[in-house]
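Report on the structure given below.
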Amino acid sequence: GETHARPIRGSRREELQKFTGLGVTPGALHLQQLKSMSVANKEAGNRNVVGSSRSVIRKISSEANVKLRRDDDLDKSLRELKVEQAKKIFPGEVIPGYLQEISTDPLRLICFTAGGIATYHRFASSMPLSWDATGGIIINYGKRIFYYELTMSSLQKGGSSLPITVMVSASHGTMDIVHWMNCFIEKYKQVYGFSNTFPKPPIIHCDRSPVFLLASIQVFNGDETMNRYIERCWRIIQRTATKRDLEVTIVHACLGHFMKNVKRNASKVLGKKQISLGMWFMALLVNSNTLDEMIIIWRNICIVLLSTNQNDQFKISLSTLSKMADQMNGDPEKTNFVLQGVSVTSKGQISSNMNSDDNDDTTHDVGTDEDDPFHIESSFKTLFITIYQQSKDLLKMYDASEWKDLPANPLFSAAYLTRILKLYMPTAPIWSNLLLGNFAQRYGYSLESVVPPCSCHFGRTTGVSESQMRVLKEAILSKKMYTRIDEVISKLGETIEAVEIQFADFILIKRTKSRLLPAKKQKKIEEPWNKHKKTGKPATGIYTSTTPSMNLMAMVNTRLLGRNDDVNL
């Protein structure tokens, strides 16, 4: 029989837009509506409830995106959106609104709120920060548009993270990120005074992109270059650091991105079965807590990879590395899937439960080319080249004819060792444990002279930022790709206060729970007063209200929660 359907209008159209706005696809929504039809409507071919086809719901969904625009002209729409957000988001603050700066050439939008500034002021000096970028939120009509985010991790386990500030940009250089942060710093100064020092985090995590690494160093360590930062790390490790050296913000490359990069480079020079071994060597170096430990590991790696046969030096070095791997596996702070998944016998036989065929998809990872992206000459590079040459000289004796009957070394790979030396060793402090945790205690500095360590130093990935990107794409943008950038900014502005309240509420709940008394201390309240006798002091009991201590809301000047919505209840 025939089917027929009237146009979907009014409240019904708005209802369907709400569903698609929550991430339900038009196809799934159409099927759900078909399932809920009555038998009579099915038999009569009446499709008034669901529309004639999926394309109807798809069109309705697209109309919802168009409503996010303020004007057909993009520039005018963005400026109207900025004014509108300033009236709705923290309108009484020094810095109102969400969209703070608009640039159309190059296309670059910078967003943050007074709540983000207040949170940064309160917690940044003692909490880790992480930043990352992602694409896939705006349809690419030429230039790639990326979403950048500076994220503060949860203050408590299981809590939500907070996007302190956001940039949506079609330009992706280091200076774009520096400009973004300079804008944030300027607004921070407007709120807290230009005489106040901008807080610096103890550590900032990023992927191995030179863009993020260099921007981290320039923004948080006073316009330093990569060379100067690495040399400052060298002085800290050598126990010759100045007071200014010890105020450094540690810049750390994500362990996950780093090991993926190692895997790709290992696959270029090692056989398929040896790739896991190449990662195993680097995992040992990553988990070095001191330079002395790293030197021992590097020296033994050099001997293992440079030995053409299974000589005594080779056997000793391989045994040493295996024992060090076992020790690291027993340390919960050095847990590493590579060390746990790879083992090497005394004869160089490799066993691994790792899959070397995985195709790792990263948004922003770099350094996969043979050339060193930084081209730096550091003290670390000089040290490790010296050890490499010493090991090479030591093994020359085994080239003599008297050792020709020794079995060949199946792990020999001078090419891989050279690649490690060139790509990774000059910047060892960035990807290893050398400056993570309480490095003041390890290197003999007084605790008063360094930035107090926090548990965040033991985190070694950008997992906080990556999980926040999932929240962005799934919960905020509803798994959609948008056609215009103003549509994305509108969606972000609609949810930013809710995200900030979620972050603040979790802190308040945790602090409230920590103040609850155990049940065994609770007792029945008694009134100690006597109507014929004047009491010397006011009554207090286990349930008596006292003056509450200052909570988070007061500390951030109530900016995270905004004005009280319950005053009229």
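Has segment 233-254 got any residue that is surrounded by 22 or more Cβ atoms within 10 Å (Cβ to Cβ), out of contact with any strand residue (DSSP E or B) (no Cβ under 9 Å at 6 or more places or on another chain) and under 30 Å from His172 (Cα atoms)?
yes
Does Ser216 satisfy being outside the structural domain of Met294 (by TED's automatic domain parsing), within 14 Å of the chain's Cα centre (by Cα) and in a loop (DSSP other than H, G, I, E, B)?
So Ser216 does not fit the description; no.
Could you tell me which residue of segment 77-128 is surrounded by the most Cβ atoms within 10 Å (Cβ to Cβ), considering only residues that are of a type outside the set (Asp, Glu), under 30 Å from Arg208 (Cβ atoms) and touching a Cys at 6+ places or on another chain (Cβ under 9 Å)?
Applying the filter and picking the extreme gives Phe112.
(1) surrounded by 14 or more Cβ atoms within 10 Å (Cβ to Cβ); (2) at pLDDT 90 or above; (3) part of a helix (DSSP H, G or I): which one isn't true of Lys396, the others all being true?
The failed condition is (1).
Being aromatic (Phe, Trp, Tyr) and either surrounded by 23 or more Cβ atoms within 10 Å (Cβ to Cβ) or at pLDDT below 90 (or both) is the requirement here; does Phe220 meet it?
no
Any residue that is hydroxyl-bearing (Ser, Thr, Tyr) and part of a loop (DSSP other than H, G, I, E, B) - is there at least one of those in segment 159-166?
Yes: one or more hits.
Restrict the check to segment 281-299 and report whether at least one residue is assigned by TED's automatic domain parsing to the domain that holds Ala408, hydrophobic (A, V, I, L, M, F, W, C) and free of Cβ contacts under 8 Å to residues at least 40 places away in the same chain.
Checking segment 281-299: at least one residue is assigned by TED's automatic domain parsing to the domain that holds Ala408, hydrophobic (A, V, I, L, M, F, W, C) and free of Cβ contacts under 8 Å to residues at least 40 places away in the same chain.
Has segment 39-55 got any residue that is among the small types (Gly, Ala, Ser), surrounded by 15 or more Cβ atoms within 10 Å (Cβ to Cβ), over 30 Å from the mean Cα position of the chain (by Cα) and modelled with pLDDT under 95?
Scanning segment 39-55, I find at least one residue that is among the small types (Gly, Ala, Ser), surrounded by 15 or more Cβ atoms within 10 Å (Cβ to Cβ), over 30 Å from the mean Cα position of the chain (by Cα) and modelled with pLDDT under 95, so the answer is yes.
If we scan segment 221-242, do we find a residue that is charged (D, E, K, R) and within 19 Å of Tyr120 (Cβ to Cβ)?
No.
Any idea which residue in segment 129-153 is nearest to Gly173 (Cα to Cα), counting only those that are part of a strand (DSSP E or B) and among the small types (Gly, Ala, Ser)?
Ala133
Return the total of residues in segment 81-120 being within 19 Å of Ala504 (Cα to Cα) and part of a helix (DSSP H, G or I).
Looking only at that region, the number is 7.
Got a sec? Which helices (runs of 4 or more DSSP H) wholly within segment 248-310 have at least 1 residues that are touching a helix residue (DSSP H, G or I) at 6+ places or on another chain (Cβ under 8 Å) and of a type in the set (Lys, Arg)?
Result: 255-269, 291-306.
Looking at segment 182-213 only, could you name the residues that are assigned to a loop (DSSP other than H, G, I, E, B), among the hydrophobic types (A, V, I, L, M, F, W, C) and under 15 Å from the mean Cα position of the chain (by Cα)?
Once the filter is applied, which keeps residues that are assigned to a loop (DSSP other than H, G, I, E, B), among the hydrophobic types (A, V, I, L, M, F, W, C) and under 15 Å from the mean Cα position of the chain (by Cα), segment 182-213 yields nothing.
The rows are residues; the columns are (1) touching a Phe, Trp or Tyr at 6+ places or on another chain (Cβ under 6 Å); (2) at pLDDT below 90; (3) in the same structural domain as Ala498 (by TED's automatic domain parsing).
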| site | (1), (2), (3) |
| --- | --- |
| Leu129 | no, no, yes |
| Ala133 | yes, no, yes |
| Ile145 | no, no, yes |
| Leu150 | yes, no, yes |
| Lys157 | no, yes, yes |
| Val166 | no, no, yes |
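The values are calculated or read from the model by the stated rules, or taken from the named source; none is laboratory data. Just so you know, these numbers come straight off a predicted model, no measurement behind them. Here the Cβ is made from the backbone with ideal geometry for all residues, glycine too, and neighbour counts use every protein chain on show.
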